[in-house]
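Report on the following structure.
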Amino acid sequence: MVRVLSLCPSNTEIIEYLGLTHYLAGVDDFSDWPDPIKRLPRLGPDLSINMDLVEQLHPDIVLASLSVPGMERNVAALKERGIPHIVLNPQSLDDIEQDLITTAAALGEAHRGYEAAKQFRAKREAIEQNTAMYSSRPKLYWEWWPKPIFTPGKINWLTEVSEAAGAINIFHDVESASIQTSWDEVVERQPDYLCLAWVGVRKDKIQKNQVKKRPNFEKLNLSNDERILILEEELYCRPSPRLLDGLEKLVRLIHP
């Protein structure tokens with residue numbers, strides 16, 4: 001059986017979507033889904049992988065990533081040590097669909113990749129067909145990090161997720177994947193919903209009051225607290241097929 005190591009959560013989730021989790025022999029410290037992977041050897045944080053341990057596990061292939069700045073060090077180390085690997089760098093839903101095909105082919109399971117990609121596209125298109133019927137298109141502010149504020153721009157899967165949900169990312173006009181901005185700019189753009197999905201922070205650690213205490217919060221004219229959405233970062237901040245689960249949840253929240 002092929003021995004596979006995954007160096008970030010989104011790669012681990014792609015393997016699960018392909019139905020090949022039994023191939024995994026080790027994962028990064030932040031991979032937390034599905035449950036069976038919690039028993040696997042841990043390779044360190046995704047930005048500081050223990051390459052000695054990677055070598056000791058004798059992988060047939062390593063799934064590396066460039067989805068977060070700093071991960072290029074892992075790729076350089078894999079090349080230097082001659083460890084077989086592929087590198088995924090998805091920025092869009094189309095990229096994720098293609099990564100299913102690429103990953104499955106690299107594992108000698110090409111048929112699984114094409115089938116998984118087909119299922120992924122069918123689910124996405126079904127959601128988009130349903131949301132196309134909505135007349136209102138609420139404006140969404142996505143917050144990845146609060147201090148300093150980081151939010152996704154045009155070249156990002158959350159802009160696509162917003163559109164698929166029948167909404168608009170208020171920073172969709174900025175040609176960037178991730179933007180450092182100010183709270184004043186957020187207020188000026190007048191979102192209808194605040195979507196808080198802080199990278200690496202669990203939902204129960206985020207409180208609505210943390211945002212409501214910000215200067216000029218009242219100028220947002222939000223009708224009630226329900227317009228502040230505290231969301232699972234694992235469903236919105238990782239470029240994996242689970243984004244479609246997040247999309248389905250988002251539709252229910254903004255189109256009640």
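The values are calculated or read from the model by the stated rules, or taken from the named source; none is laboratory data. What you are looking at is a predicted structure, and each value in this text was computed from that prediction instead of being measured. Here Cβ is always computed from backbone atoms with ideal geometry, including for glycine, and neighbour counts include all displayed protein chains.
Okay, here's what the table says:
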quantity: Conditions (1) farther than 24 Å from A164 by Cβ; (2) touching a Cys at 6+ places or on another chain (Cβ under 9 Å); (3) crowded, with 23+ Cβ neighbours inside 10 Å; (4) in contact (Cβ under 8 Å) with a residue 24 or more places away in the chain; number of the one not met by V27; calculated: (4)
quantity: P239 part of a loop (DSSP other than H, G, I, E, B), surrounded by 15 or more Cβ atoms within 10 Å (Cβ to Cβ), in contact (Cβ under 8 Å) with a residue 12 or more places away in the chain and under 16 Å from the mean Cα position of the chain (by Cα); calculated: yes
quantity: Residue among A110, A104, A164, A116 that is surrounded by fewer than 15 Cβ atoms within 10 Å (Cβ to Cβ) and aliphatic (A, V, I, L, M); calculated: A110
quantity: Residue satisfying condition, being of a type in the set (A, V, I, L, M, F, W, C), surrounded by 19 or more Cβ atoms within 10 Å (Cβ to Cβ) and modelled with pLDDT of 95 or more, within set I149, I228; calculated: I228
quantity: Unique residue being acidic (D, E), at pLDDT below 95 and not in a strand (DSSP E or B) when the list is D99, D46; calculated: D46
quantity: Set A116, A76: member being at pLDDT 95 or above, hydrophobic (A, V, I, L, M, F, W, C) and under 22 Å from V2 (Cβ atoms); calculated: A116
quantity: Total residues in the stretch 49-87, condition surrounded by 14 or more Cβ atoms within 10 Å (Cβ to Cβ) and assigned to a loop (DSSP other than H, G, I, E, B); calculated: 10
quantity: Among the candidates T103, T131, residue that is hydroxyl-bearing (S, T, Y), under 29 Å from E55 (Cβ atoms) and more than 16 Å from the chain's Cα centre (by Cα); calculated: T103
